[in-house]
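Heads up, the thing below is written out as structure tokens.
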Amino acid sequence: MRRGGTYIDATVGLGGHSYEIAKRLGAPGHLIGLDKDPAALQIAGEKLAPQGQGQTEIDWPTITLLHRSFAEIAKGVQAATVDGILADIGVSSLQLDDAARGFSFQADGPLDMRMDPRGERTAEQVVNHLDERQLADVIYEFGEERRSRRIARAICRSRPIRSTAHLADVISAAARPMNQAERRIHPATRTFQALRIFVNRELDDLQALLEAAPRILKPGGRVVVISFHSLEDRIVKDAFREGSKEGYFSVLTKKPVTATELESDRNPRARSAKLRAAEKV
Ligand SMILES: C[S@@+](CC[C@H](N)C(=O)[O-])C[C@H]1O[C@@H](n2cnc3c(N)ncnc32)[C@H](O)[C@@H]1O
């Protein structure tokens, strides 16, 4: 990281990474933070206020927080002006732990799943209005769920479904674990992942971010992406490989960086995290 540089945290969340970046940037620097979730930005704003952490105003960067998808990362940013971009994609603990947001099958709540409350479709609309074929395709494509057809049929027969617990019960009854390996994860895990990705257009946003990044990065600037499942990791890997072939990216991670055993023990979510980085040539 370069003291005094311009960095974009594309997924501010609760501000953990942003805070660490801000500390290293110091007063001459500029940190731009984006998130789709205004509730997260509210919390991050307090954490990142200079007086919030006993920092002196003198050595704290300018911080601009924007309620925006990272698909629009380049909006208002001039070409070749950014030193680094970090994206730690997926859901935050704030979203997952709040039953009212509807992300979790472990707590009952409305079927919402929108990271951005302005988003035009909720999981409830998807679950109750897509036809059986479309629903099966979403569950297969974004959840990599082999039993997508059976699950889609069960969902359609149980409509209307309004809550996460009802949906989880329907899926559990339709897709009982067939072996020990399947018993290790809840039968609704893949379907919930699929709905979340579809509701939030997560893969399209990631693609847009990776397309825009090389335009706004300075030569030598870096983009770092942390992802949590194979669909996202594949998109990042392919975009970096394409950039390297075309000559605008140098890939810094031949293999993705993963968490150590110790880190995974302390933070179980880190177990599936993969980090990839590339430098603008
Ligand atoms: C894993 S959390 C980030 C945690 C953060 N690094 C921290 O230190 O607290 C992911 C965040 O990305 C946000 N997010 C997901 N997709 C987004 C998108 N397309 N545009 C902007 N923010 C997004 C979510 O709302 C969530 O707050």
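The values are calculated or read from the model by the stated rules, or taken from the named source; none is laboratory data. As the structure is a computational prediction, the values presented were derived from the model and not from experiment. Please note: Cβ atoms are built from the backbone with ideal geometry, for glycine as well, and neighbour counts cover all protein chains shown.
Screening the candidates Met178, Met115 for the property of being buried (at least 21 other Cβ atoms within 10 Å of the Cβ), not small (Gly, Ala, Ser) and not in a helix (DSSP H, G or I) yields one hit, Met115. Quick one: is Thr191 modelled with pLDDT of 95 or more and part of a helix (DSSP H, G or I)? The answer is yes for Thr191. Reported count of residues in region 94-107, each being within 11 Å of the ligand (Cβ to nearest atom) and surrounded by fewer than 18 Cβ atoms within 10 Å (Cβ to Cβ), is 2.
The number of residues in region 36-45 being touching a residue at least 40 places away in the same chain (Cβ under 8 Å) and not hydrophobic (A, V, I, L, M, F, W, C) comes to 3.
Does Asp204 satisfy the criteria of being of a type outside the set (Gly, Ala, Ser), in a helix (DSSP H, G or I), out of contact with any helix residue (DSSP H, G or I) (no Cβ under 6 Å at 6 or more places or on another chain) and more than 30 Å from Ile8 (Cβ to Cβ)? In short, no. Return a yes/no flag: does region 15-30 have any residue that is closer than 26 Å to Asp233 by Cα and touching a residue at least 60 places away in the same chain (Cβ under 8 Å). Yes, region 15-30 has at least one match. Being buried (at least 19 other Cβ atoms within 10 Å of the Cβ), over 28 Å from Gly119 (Cβ atoms) and of a type in the set (A, V, I, L, M, F, W, C) is not true of Ala213. Being among the small types (Gly, Ala, Ser), under 26 Å from the mean Cα position of the chain (by Cα) and modelled with pLDDT of 95 or more: is that true of Ser163 here? For Ser163, the condition - among the small types (Gly, Ala, Ser), under 26 Å from the mean Cα position of the chain (by Cα) and modelled with pLDDT of 95 or more - is met. Taking the criterion of being out of contact with any Asp or Glu (no Cβ under 9 Å at 6 or more places or on another chain), under 29 Å from Ile235 (Cα atoms) and of a type in the set (Lys, Arg), the residues of region 132-191 that qualify are Arg133, Arg146, Arg147, Arg150, Arg183, Arg184. Give region 9-23 a look and list any residue that's more than 11 Å from the ligand (Cβ to nearest atom) and at pLDDT 95 or above, or say none. Residue satisfying the conditions is Ala22 alone. Check region 48-57 and report whether any residue there is touching a residue at least 60 places away in the same chain (Cβ under 8 Å) and exposed (fewer than 14 other Cβ atoms within 10 Å of the Cβ). Looking for residues that are touching a residue at least 60 places away in the same chain (Cβ under 8 Å) and exposed (fewer than 14 other Cβ atoms within 10 Å of the Cβ), one finds none in region 48-57, hence no. Can you find a residue in region 24-33 that is away from the ligand (no atom under 13 Å from the Cβ), small (Gly, Ala, Ser), farther than 20 Å from Glu72 by Cβ and modelled with pLDDT of 95 or more? Yes, region 24-33 has at least one match. Looking only at region 212-254, residues that are farther than 19 Å from Arg271 by Cα and in a strand (DSSP E or B) come to 10 in all. Out of the residues in region 55-74 that are hydroxyl-bearing (Ser, Thr, Tyr) and either in a loop (DSSP other than H, G, I, E, B) or over 16 Å from Tyr19 (Cα atoms) (or both), which is farthest from the ligand (Cβ to nearest atom)? Filtering region 55-74 for residues that are hydroxyl-bearing (Ser, Thr, Tyr) and either in a loop (DSSP other than H, G, I, E, B) or over 16 Å from Tyr19 (Cα atoms) (or both), the one farthest from the ligand (Cβ to nearest atom) comes out as Thr56.
The residues listed here are Val77, Val91; of these, the one that is part of a loop (DSSP other than H, G, I, E, B) and within 11 Å of the ligand (Cβ to nearest atom) is Val91.
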